[in-house]
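Step one of this worksheet: look at the structure below.
The values are calculated or read from the model by the stated rules, or taken from the named source; none is laboratory data. The model shown is predicted, which means the values in this text are computed figures rather than measured ones. Methodologically, a virtual Cβ is constructed for each residue, glycine included, from the backbone with ideal geometry; neighbour enumeration extends over all protein chains shown. Heavy atoms of the whole protein, side chains included, go into the accessibility calculation; ligands, DNA and RNA do not. Shrake-Rupley method; radii C 1.70, N 1.55, O 1.52, S 1.80 Å.
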Amino acid sequence: MKLDCEVIRDLLPLYAEHMASPASTALVEEHLQECEACRAELEQMQLPVPVQPEPQPDAPLKGIRTALRKKRILTAAAAVLAVLCAVVLVFWMGNLSTPVTAEEAGIWLYNKKEDGANLCVLEVQGENVRLETEGGFSWGKEYITVRVLRYTFPGLHAALIKLTGSEIVSTEIAVSRTQVLAVECADGTRYYSGGQQVERFIAGENPDGTVRYGYGTEEQYGHDFKKG
């Protein structure tokens, strides 16, 4: 029986591949019906053989290419971010303003009549000086506040204006002669009313507890009122 198994097992590879002769095939099948060990040997032969993936010689190169691609993307993103930051910085610097003194502003005040209304006009004649109205303009306001400013980097601002288009710069403001014009300069706030420079005096207290101011000259208010 042992000899028979050894002979049969020599024939099993040919039998499994269907390459044995008819006589050998009949002999093997007859033996397999009685021998469990040889049947197990045949089943083992007929199991699928696992295929090992062949090593990829360019796998390290693929890793290097992926790393280089990521580096290029990060470099490009950093470059775009740097450009955007530079553009924002340029626009911020181009529109940065600095308060100027009344002397630098070159303030000129005069009265005029327009469409039947008596107006007081304040104009600034200093180089690159402009007026910025605080809180908007309204004829119903008791007083109008404006700031006297100059672009910190006028050359850069001028270049931006050429690049982006023209702008409207306010160098004068007209108010009613009954309105008070508060002009904020780097060296203090000046008040104008009725076509002349006036002082602000503490005239009393409002019902809500806030200070009530009056505007005029020392001759008008005398020494009984403090400037405020």
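When peptides 27-37, 81-91, 101-111, 175-185 are sorted by average Cβ neighbour count within 10 Å, with the highest value leading, the order is 175-185, 101-111, 27-37, 81-91. When only Cα pairs below 8 angstrom with a gap of at least 6 residues are kept, the stretch 102-201 shows a relative contact order of 29 percent. Across all C-alpha atoms in the stretch 171-226, the radius of gyration and Dmax reach 12.6, 38 Å.
For the chain, 5, 85, 120, 185 have no disulfide-compatible partner, since no other Cys C-beta lies under 4.7 Å from theirs. Note on the chain: Cα-only Rg and Dmax are 48.8, 142 Å. Rounded to the nearest 500, the 222 nm mean residue ellipticity of the chain from helices alone is -13000 deg cm²/dmol, with -39,500 (n - 2.57) taken per DSSP H run of at least 4 residues. Across the stretch 91-99, coupling constants 3J(HN,Hα) worked out from phi with the 6.51/-1.76/1.60 Karplus curve, θ = phi - 60°, read 5, 5, 5, x, 9, 6, 10, 10, x Hz, and Gly and Pro carry x. In this simple spin-label model, placing a label point 7 Å from the Cα along the Cα-to-Cβ direction at both residue 163 and residue 10 gives a separation of 9.3 nm.
Backbone amide hydrogens, once placed in the peptide plane, bring residue 217 within less than 5 Å of 199, excluding anything fewer than 5 places away on its chain. FRET efficiency for the residue 97 to residue 118 pair, using the beta carbon distance and R₀ = 22 Å, is estimated at 0.10. Solvent exposure of the chain amounts to 70 Å² per residue of accessible area, where only protein heavy atoms count and the probe is 1.4 Å. Taken as Cα centroids, the stretch 117-159 and the stretch 173-213 sit 16 Å apart, rounded to the nearest whole angstrom.
A cut-off of 5 Å between modelled amide H atoms, ignoring neighbours fewer than 5 places along the same chain, links residue 180 with 143, 144.
In this simple spin-label approximation, residue 74 and residue 132 carry label points 7 Å from Cα along the Cα→Cβ vector, and these lie 4.1 nm apart. On the accessible surface of the chain, probed at 1.4 Å, how many percent belong to carbon and sulfur atoms? The nonpolar share, carbon plus sulfur, comes to 56 percent. Its relative contact order, with pairs defined as Cα atoms under 8 Å and 6+ residues apart, puts the chain at 14 percent.
Full extension of the chain between residue 139 and residue 226 gives 28.5 nm of extra length, using 0.36 nm per residue less the Cα-Cα distance.
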